[in-house]
Amino acid sequence: MAVTTQVRVSYLTNLSPRKSWTSSTFHSWNLSLPCSKSRIMHRKLSITCIALNHNKLPPLLTDDKTRSLDQCKRRSQETLLNSSDPIETMKMIDSIQRLGIGHHLEDEINIQLERICDWDASTNLFATSLQFRLLRHNHLLSSSDVFNKFLDKTCNFKESLKKDIWGMLSLYEASYLGTEDEEILKKALKFSKTHLNELISHMSPEIGYRHIVRSLTLPRHLRMTRLEARNYMEEYSHASNQIPALLELAKLDSYMIQSLHQRELAEICKWWKELGLVDRLGFARDRPAECFLWTVGIFPEPSDSNCRIELTKTVCILLVMDDIFDTYGKFDELVLFTKAIKRWDLDALDDLPEYMKICYMALYNTTHEIAYRIQKDHGLTVVAYLKRTWIDIFKAFLEEAMWFNSRYVPSYKTYLENGVISAGACMALVHATFLIGDGLSKKTISMMKTYPRLFTCSGEILRLWDDLGTSTEEQERGDNASSIQCFMEENNIKDENEGRKHIRLLIRNLWRELNGLAMNKTMPLSVVKASLNMARTAQVIYQHGDDQSTFTVDDYVQTLIFTSLPTKNYFLKIN
């Protein structure tokens, strides 16, 4: 029998969106049980529900397309390996990775990167910056000292460089991979950004928009991998120096990955429907497609299918738990619920209201099912680590409920420390670490007991972007605790726009710290990538709330999962 699942495409919240939405275009959920407080309202769906039929999903690739993909892959491998010009080779690698087909050419990319590691680009700013960015992006040793040759006697970048448009743009992109202690890259960012903004009005629309404005809006290092692949395919198809085999491989790969994502989403929606939380509770959010988009951002590689499916399950359940704390549960019930989760024992169900018992069982069973899968796939016993993440989340939820009830505004530091946990960032990354299962030593596993700074740093970026995207609605609703308000109160800032500016600067500094942590070899590379990708996905998702000129998450869901190529460019709306 065919199983048909209704996929509801709507606005995506954060991993644990304690911050929700309210305006004249919003409506509250039709609750089937009494509501103790009305703190949040949910965005209306803006995309028609789409039915996924498991028996009617397209095959990942037909035999003809499989043969075409193999042929394109071989031609691409040969082209890359035979490239001997360092600059052309680097541009090719950059295009391959932006097209999202690097997983087909990993060995060839690594061979060529090793060849260019020690290549001297001399005084070519474009090549030096591209070399630095590619090496660091691919987690190879690359010193920022290579930029010293572009400084004048006052240790500032030479003014003559601003005439080199492509060099300036390359320097700007490279600067976003800098760490906290790399002052030269901080100077590079300020210098290149200032002059690129000045140059825009003098450029042709093609160069000004397609290259400079897009980069100034969202630099490459901060872009979500799959979204960048879809966007760059259109740009690359118009490039005069395109390599046809790469473009064809990208199109076939995009088709395959989109078909894979549709199958994964169908499986998730079937699980979600069978779990029955939405039908039984009445107040819970029904957003599996949005939750899935988060995991597409965190795990962009096709080989991570199981990771996407299992992590999406935790995010779906987390939204329901968040709804209990934000919209439905009475405070005394929330205290009981938190105590029961701390016990992590089915006997703890006895004192809970019926709706909480249903949620408790869904969380308990799903967590143990994921732990069983990890045990089976990787031979790791991880229930204790997974349940700990949920216990911490419930404690953070309860802390925020207490703040709300007492109208208490915590310090910025206290808010952020708690907000990282309630956002679900550490929960997601601990689950991701074990689901991936790569290179997990006893030392690495022990680091999960106290969340690594890699996780909390990525989580802080997520939480701050969440607040930038939602604080206006929160203030209208009556909430008084967000990072913006906490920071403004501590620093006696009256203008919210000024407060937002400071939060964006804090995010920029956190990215420098995250870049430095990513260069540390203490965590498996796959976990490092997931942490970086979480921060990238957060910015893409929440930027619209902070800047209405960008596209919404509805657009991203539709584009990545349901819309066939070609598609419009999803980075900046031009009025």
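The values are calculated or read from the model by the stated rules, or taken from the named source; none is laboratory data. Since this is a predicted model, take the numbers as computed values, not measurements. Quick note on the areas: whole protein, heavy atoms, side chains included, nothing else; ligands and nucleic acids left out. Shrake-Rupley method; radii C 1.70, N 1.55, O 1.52, S 1.80 Å.
Figures for the structure shown
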item	result
Largest-first principal axis extents of the Cα set of the stretch 257-556 (Å)	54, 47, 39
Once the Cα gyration tensor of the stretch 340-492 is diagonalised, semi-axes √(5λ) in Å	31, 21, 12
Rh by Kirkwood over Cα pairs, then Stokes-Einstein D for the stretch 412-511 at 1.306 mPa s and 10 °C, µm²/s	108
Area projected by the alpha carbon convex hull of the stretch 139-222, averaged over all directions, nm²	5.9
Extended-chain gain in nm, criterion 0.36 nm per residue less alpha-carbon gap, Ser406 and Ser201	68.6 nm
Rounded to the nearest 10 Å², the accessible area of Asp107 at probe 1.4 Å	110
Net lengthening on full extension, Glu369/Thr450 (0.36 nm per residue, minus Cα-Cα)	26.8 nm
Cα principal axis extents for the stretch 185-231, largest first, Å	31, 28, 10
Mean projected area (nm²) of the alpha-carbon convex hull when the stretch 53-199 is viewed from all directions	12.4
Net lengthening on full extension, Lys376/Glu490 (0.36 nm per residue, minus Cα-Cα)	36.1 nm
All lysines inside 22 Å of Lys413 as judged from Cα atoms, apart from same-chain residues fewer than 8 positions distant	Lys19, Lys395, Lys449, Lys494, Lys501
10 Å binning of all Cα-Cα separations within the stretch 266-313, expressed as whole percents from 0 upward	27, 50, 20, 3
